[in-house]
Structure formats: structure tokens, C-alpha cells
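The values are calculated or read from the model by the stated rules, or taken from the named source; none is laboratory data. Model, not experiment: these values are computed from the prediction. Note that each Cβ is placed from the backbone with ideal geometry, even for glycine, and that neighbours are counted across all protein chains shown.
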Amino acid sequence: MKLRSSEPFWLEKNGILHSYPSLRKNVKADILIVGGGITGSLIAHQCIKDGYKTVLIDKREIAHGSTSVTTSMLQYEIDVPLFELIEKIGTEAAVANYRGCSEAIDTLGKISKQVKSGCGFEKKDSLYFAAFKKDVPKLKKEFEARKTHGFPVVWLEAEEITKRFGLQNTHGGILSKQGGSIDAFRLAHDILAYNHKKGLDIFDKTVIEKVSYKKNGVTTITKNGCSITSKKILYCNGFESTSIIKEKFVKLLSTFAMVGEQLEDNQDQLAGTLFWNTADPYMYMRTTDDGRLLIGGEDEDYVNPEKRNKNIGKKAEKLQNYLKKILPDYDFVNDFAWAGTFGETEDGLPYIGKHKDFESTYFVLGFGGNGITFSVIGMDIISQLLKGKKHPLTKYYQFGR
């Protein structure tokens with residue numbers, strides 16, 4: 001499955017950061033990680049920390065899949081609002097998941113610092129605002145749920161939003177004191193380079209031909225005939241896992257994004273905050289660390305790469321029209337526009353753990369707008385599972401739930 005179209009901003013900005021060879025020999029390892037994006041890099045970081053001999057492979061160049069197209073807005077808010085998630089899975093479980101995502105943002109900041117990443121990690125506030133007047137009652141219900149359970153939120157009326165951020169045509173919103181942004185492409189590369197020096201074996205452009213799953217281990221054969229023998233295999237390949245797992249467990253969507261030219265004008269009103277609204281599909285927006293404005297949304301059902309790519313121009317125009325509506329005085333000039341594909345689950349939660357059809361296998365599949373924070377949670381879950389221990393969130397992320 002082709003995950004992205006053309007060359008998104010992050011690839012142009014970073015260029016070639018690190019290069020790795022394809023696999024051309026037989027290797028043995030404790031752990032084989034499939035997927036060299038931000039999820040695979042985080043899981044590899046944990047596996048090396050826990051002392052496992054680890055091999056990571058990717059069929060593309062490193063981080064050239066969905067990690068290269070993500071807008072990397074780090075939020076603790078799950079795609080399903082807290083009050084609705086409470087109705088779905090109960091208060092204790094819903095709050096635990098929101099808190100887990102909140103803590104994951106700070107954990108990611110520590111990892112970024114540890115590996116001395118140039119990803120521009122920055123803590124930010126997050127404004128979730130009503131796109132339409134009819135959305136206000138539901139949004140206020142969400143505000144009360146978060147406030148009740150101790151999340152750092154305040155309610156802003158439309159006038160206050162305009163005064164603080166310059167946004168027009170809003171109807172009030174929730175300002176959260178927990179969020180962040182990164183360049184996920186850069187962070188994935190920096191994490192892998194850090195662990196490569198510690199013994200992580202990395203092979204890109206390595207395509208899997210066949211996998212034999214047994215209780216005592218896994219044998220993976222690549223397209224060029226090389227074998228990887230491992231005690232466990234960890235799939236960190238996002239929605240490409242749909243080509244491996246039989247049942248339908250995730251809905252695929254296409255999303256569109258664009259980033260403007262650098263501005264010399266002061267952007268302090270926008271720079272410290274992530275923005276997203278209640279529309280369906282919702283719009284999301286943030287600044288980059290080099291003085292640009294990034295806006296995304298206009299999601300639609302995924303059909304194929306060709307149809308998705310044909311829509312980039314039309315979708316970029318719609319995004320720019322919406323931007324003009326909420327920030328009429330902003331001098332936005334489109335510099336890059338791209339599309340990506342992502343997965344959405346019914347409850348907004350990821351799939352992390354075992355699957356009944358695969359022996360000696362774990363999946364770390366962070367879907368929705370919280371893929372990166374769920375991957376951070378996945379680090380701890382996988383670490384515990386590999387040691388034969390239980391993690392309190394595993395039962396909410398299991399297949400067949």
C-alpha cells in the first residue's frame with residue numbers, strides 16, 4: 001500500500017539524514033521490528049534499553065511512510081471525546097487512557113532530549129474550538145468531563161479566543177495546558193541513529209516475502225532470499241497491517257495538509273498553541289519551528305493512492321478558504337501540499353499486543369490523531385509483555401475487543 005503522495009514538507013526540509021543498507025545476509029536476533037517510522041523507532045529504543053539483540057527493517061527508506069506525512073501535533077485528547085469514551089468503556093478506563101496520552105507527551109520530550117534530537121520538540125497549549133454554534137453544548141459537556149477528572153483546562157468564549165489568538169468565527173472552546181509538536185521524521189531518524197550506535201541493526205529497502213510463526217520463534221524470509229531468525233516479531237507498520245490481519249479492525253482515511261511560506265511577521269499569538277475544531281472531519285493547525293503555518297484536514301474515505309493524490313489541489317484550496325475564514329488577515333502563501341493515509345478505530349484507541357492468529361508476535365498499531373502518543377504508551381506495554389508481565393492498559397487495546 002502506498003502511504004503518501006509526492007514529497008511532503010518534512011522530506012524537503014530534512015533531506016537525507018541517515019542511510020542504512022538493505023539486508024544481504026542471514027541474521028539472528030531476540031527481536032525483529034517491522035517498520036522504521038516513529039513507532040518502530042520508539043519500540044526499538046525500548047528494546048535496546050531492555051537489553052535485547054534487536055533488528056529493525058523497513059521496505060522503504062527509513063521514516064518514508066506515514067511518519068513523513070504526519071503533522072505531529074502531540075495531544076492527549078483522543079479522537080473520541082472523554083465523555084463519550086466514558087460511555088463506551090467506563091470512567092476508570094477512559095480517564096486512564098487520556099492520562100496515559102498526557103504523560104506520553106512529557107515522555108517524548110525526555111526521549112528527544114536524551115537522543116539530542118533536532119526535531120524541535122516544544123510543549124504547547126491546545127485549543128479545541130467549536131466550528132459551529134450547534135457544537136457548543138457538546139463541547140461544554142466535554143469541558144466539564146475533563147475538568148471533573150483533573151485535566152488542566154479552561155473554557156474560552158469566542159471573544160477571548162479572538163483576543164488571544166486572532167481567530168475569527170469560532171463559538172468558544174477548551175484550552176488545554178498540555179500539548180506539543182515535533183518533526184516526527186527527524187525524531188525517528190535521531191532515535192534510530194542513537195540506538196544504532198548502541199547495537200541496533202537497521203536495514204531499509206528490505207521487503208518481507210514470507211513469515212513462519214511458531215511458539216519458539218519466528219523465521220522471516222526477505223524477497224532476496226535472506227532470513228531473519230528471531231524469538232519475537234513486532235509489527236510497527238500501522239495500517240499496512242491490514243494486509244496481514246484478516247478481520248476488518250480499522251477504517252482507512254485520507255487526510256490532506258499544507259504548509260505556508262516562512263513569515264518574518266511576529267506569530268507569537270499562534271506559535272504556542274495547537275488548534276483543532278469540532279467539524280467532521282475536523283481541521284487542525286499549528287506553526288512549525290521555522291516560522292511557517294501548517295493546516296490540515298478535509299479527511300475522506302481512502303479509496304486508492306491515485307484518487308487521493310488527484311484531490312490534493314482541491315483540498316488545499318478548501319483548507320486555504322477555511323484559513324481565510326478564521327484568520328482573515330494572515331498572509332498565507334501555500335508552499336507545500338500533500339496527502340497521507342491513516343487509520344481510525346471505533347473507540348479511538350490503538351491495537352497493541354498479541355493477535356490469536358500469530359505466534360510469537362506483537363503488534364503496536366497507533367491509529368487516529370494520537371498515533372505518536374499511543375506509540376509511546378506502547379513502549380511500556382511491549383516492555384512488560386516481553387517480560388511476561390501485564391500492563392493496565394493492554395486490555396483496552398486488544399484485538400477483538
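Against the definition (within 23 Å of the chain's Cα centre (by Cα) and at pLDDT 95 or above), how does Gln178 come out, yes or no?
yes
Scan the stretch 350-401 residue by residue and report those that are of a type in the set (A, V, I, L, M) and in contact with a Leu (Cβ under 8 Å, 6 or more places away or on another chain).
Result: Ile352, Val364, Ile372, Val376, Ile377, Met379, Ile381, Ile382.
Considering (1) modelled with pLDDT under 95; (2) over 25 Å from Lys110 (Cα atoms); (3) part of a loop (DSSP other than H, G, I, E, B), say which one His18 fails and leave the rest.
Every listed condition holds for His18 apart from (2).
Considering only the stretch 355-401, how many residues are within 24 Å of Phe121 (Cα to Cα) and either over 22 Å from the mean Cα position of the chain (by Cα) or part of a loop (DSSP other than H, G, I, E, B) (or both)?
Number satisfying all stated conditions: 2.
For Phe336, only one of the following conditions fails: (1) surrounded by fewer than 20 Cβ atoms within 10 Å (Cβ to Cβ); (2) over 30 Å from Ile233 (Cβ atoms); (3) not aliphatic (A, V, I, L, M). What is its number?
Checking Phe336 against (1) surrounded by fewer than 20 Cβ atoms within 10 Å (Cβ to Cβ); (2) over 30 Å from Ile233 (Cβ atoms); (3) not aliphatic (A, V, I, L, M), the one that fails is (1).
Please tell me if Lys205 is charged (D, E, K, R) and either in the same structural domain as Leu139 (by TED's automatic domain parsing) or not in a strand (DSSP E or B) (or both).
So Lys205 fits the description; yes.
Matching residues to (1) within 17 Å of the chain's Cα centre (by Cα); (2) part of a helix (DSSP H, G or I); (3) more than 17 Å from Asn370 (Cβ to Cβ):
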residue	(1), (2), (3)
Cys47	no, yes, yes
Ala63	yes, no, yes
Thr71	yes, no, no
Cys101	yes, yes, no
Lys110	no, yes, yes
Gly118	no, no, yes
Asp135	no, yes, yes
